[in-house]
Amino acid sequence: HHGHDDRRDVGTTVHVRWGALGWLKNLGPAKDAARRAWEMTPPGFTVDGAPPSAKSVVRLVRRQEAGGLRLRVQAPEDPGETRVTFCAFGVAVETIKTLLPGAQVSAWVNDDAFTLTASQSAVVEDVRRQKALDAVGAAAAGFLAETARSFASAFPEGRAASGGPDWAAEARDWFRATALREAAQGHPLPEPFWETPFLVDVAGRALSLASLRRGIPSYSTVRGAGARPQQAVAYC
């Protein structure tokens, strides 16, 4: 349904007939597919009367529009890969996996001018598709820098590392997983990772890798409530 304001006038209603038994098998998967394909759908659309992406979780997300492209970038499901979903007119067409330099993301990019294959199930590899991928790379870098800044201002180094905004836990997980993965592969860490205090010290205070690197890097598996060590000690 596409509704308008609170009077809920219905613009378009889509009815699907499954046949006598088909609905039993198809109804759940069809609704799930509709919800999954929904990330870029304009506001006002509902499935069973509710917006499909009404998630209770406050996600770490960045949205932007530029040159006919609408982008949505968020922390990745898997820190080891970037998933990009191409959409046209708000509907998901295909999802590809790729690798960005540095941190990975999950991204949705909508361009109504994408050229689709004959089966409508993929985006033709042309200039517009490449432009969309380039835009995702740039948005991902901006998203990382922006998240790092927001995180650092929410958790100033040396202050308590608990509480904070709803998205803090997701950001911390994303930074940690990315730092571990890059280190394991012998890659230099992107700059924001050194200065962002996403680690916690033994006294429960926010700690950055840069501070940890200034002395002899030390860690402890035990928290010390009143601990005030002479140098930075990370809590693991």
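The values are calculated or read from the model by the stated rules, or taken from the named source; none is laboratory data. From a predicted model like this one, the values you see are computed outputs, not experimental measurements. Using ideal geometry, Cβ is built from the backbone for each residue, glycine included, and neighbour counts are taken over all protein chains shown. The area values use the complete protein model at the heavy-atom level, side chains included, leaving out ligands, DNA and RNA. Shrake-Rupley method; radii C 1.70, N 1.55, O 1.52, S 1.80 Å.
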### Checklist (1) under 23 Å from Glu81 (Cβ atoms); (2) loosely packed, with under 13 Cβ neighbours inside 10 Å; (3) among the hydroxyl-bearing types (Ser, Thr, Tyr) applied to Ser153, failing item
(1)
### Count of residues meeting criterion [closer than 22 Å to Ala152 by Cα, free of Cβ contacts under 8 Å to residues at least 24 places away in the same chain and either β-branched (Val, Ile, Thr) or in a strand (DSSP E or B) (or both)] in region 196-232
2
### Query
Picking from Pro42, Pro52, which residue would you name as being at pLDDT below 75 and in contact with a Phe, Trp or Tyr (Cβ under 6 Å, 6 or more places away or on another chain)?
Pro52
### Task
Could you tell me which of the residues Val10, Val58 is loosely packed, with under 13 Cβ neighbours inside 10 Å, under 19 Å from the mean Cα position of the chain (by Cα) and at pLDDT below 75?
Val58
### Task
Scan Ala132, Ala148 and give me the residue that is more than 16 Å from the chain's Cα centre (by Cα), farther than 19 Å from Ala203 by Cα and surrounded by 15 or more Cβ atoms within 10 Å (Cβ to Cβ).
Ala132
### Test: residue in region 176-196 that is open to solvent by 10 Å² or more (accessible area, probe 1.4 Å) and at positive phi
yes
### Task
Determine the pairs where a residue that is among the polar types (S, T, N, Q), located within region 15-43, has a partner that is exposed (fewer than 13 other Cβ atoms within 10 Å of the Cβ) and part of a helix (DSSP H, G or I) with Cβ atoms under 6 Å apart, the partner being 6 or more residues away or on another chain.
none
### Query
Any residue in region 192-210 that is of a type in the set (Asp, Glu), more than 28 Å from Ala141 (Cβ to Cβ) and modelled with pLDDT of 90 or more?
yes
### Query
Does Gly158 fit the bill of being within 30 Å of Arg205 (Cβ to Cβ), of a type outside the set (A, V, I, L, M), open to solvent by less than 60 Å² (accessible area, probe 1.4 Å) and not in a helix (DSSP H, G or I)?
yes
### Count - residues of region 161-179 that are in a helix (DSSP H, G or I), of a type in the set (A, V, I, L, M) and touching a residue at least 40 places away in the same chain (Cβ under 8 Å)
2
